[in-house]
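Each remark here refers to the structure printed beneath this line.
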Amino acid sequence: MERQQLFAEIRSRIDAFETGIPLHKKLKMALQDLIVSNRIKRGSTLPGERAVAEALILSRVTVRKALELLIQDGHLRRRHGAKTEVSVPVEKSLSTLASFSEDMVARGLEPGCIWISKEIGRPSPAEAMALALPPNADIIRLKRIRTADGEPAAIARTRWRLPLRGTGKAQCVAPAGYTTVAFETCFGPRQRALEMCGWLTVAHH
């Protein structure tokens, strides 16, 4: 869709909404309607905040709030260089498990990680019971932040059983056997921000 046509359709939708709805929500709903109806193509790049604000005679704060809501709902995503793209839905088979990295690559994102901690210790009673370990066994605990295009997306916690005597191999029990052995906790942007601020020791505003 041409830029001027895009702005005209957004404006017509905004004007059609009832009064009393906050302007940023009107813009959000207008863009969402265009995305869902495929008037704005999946994978396309939206004009910048400044261009949208000037064309629709809105403040950049209003535009930014609307875009953030669409990002939270999964309709948009930020790319490096401050570009905002329309998300492409990923078709996945429920019968096949994919790793975090495989899932991010399928979405066109670059997976990465930030280590939080690595430690060796005795299993807790719950871990020992779930992994069928003697209480004097040792396990490796790994905790890391998984990132997508450099942005925090999940916290991964993994439990590895130390090498069995004579095997030289560490063993990891599959998530299906015990959910806290190896799992990744994903969450929405606000919850993610609060959680990540705690791990990264930065202030949340």
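The values are calculated or read from the model by the stated rules, or taken from the named source; none is laboratory data. Everything quoted here is computed from the prediction, not taken from an experiment. Backbone-built Cβ (ideal geometry, glycine too); neighbour counts: all protein chains shown.
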Among the residues of the range 61-107, write down those that are at pLDDT below 85, buried (at least 16 other Cβ atoms within 10 Å of the Cβ) and either at positive phi or touching a Lys or Arg at 6+ places or on another chain (Cβ under 6 Å) (or both).
SER87, PHE100
In the range 8-45, residues that are within 22 Å of the chain's Cα centre (by Cα), surrounded by 11 or more Cβ atoms within 10 Å (Cβ to Cβ), in a helix (DSSP H, G or I) and of a type outside the set (D, E, K, R) total 4
Matching residues, the range 132-145, being farther than 8 Å from ARG161 by Cα and either in a strand (DSSP E or B) or at pLDDT 85 or above (or both):
ARG141, LEU142, LYS143, ARG144, ILE145
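Would you confirm, using the coordinates I've provided, whether THR158 is in contact with a helix residue (DSSP H, G or I) (Cβ under 9 Å, 6 or more places away or on another chain), among the hydroxyl-bearing types (Ser, Thr, Tyr), surrounded by 15 or more Cβ atoms within 10 Å (Cβ to Cβ) and at pLDDT 70 or above? Step through it out loud before you land on a result.
Working: in contact with a helix residue (DSSP H, G or I) (Cβ under 9 Å, 6 or more places away or on another chain): no; among the hydroxyl-bearing types (Ser, Thr, Tyr): yes; surrounded by 15 or more Cβ atoms within 10 Å (Cβ to Cβ): yes; at pLDDT 70 or above: yes.
The answer is no for THR158.
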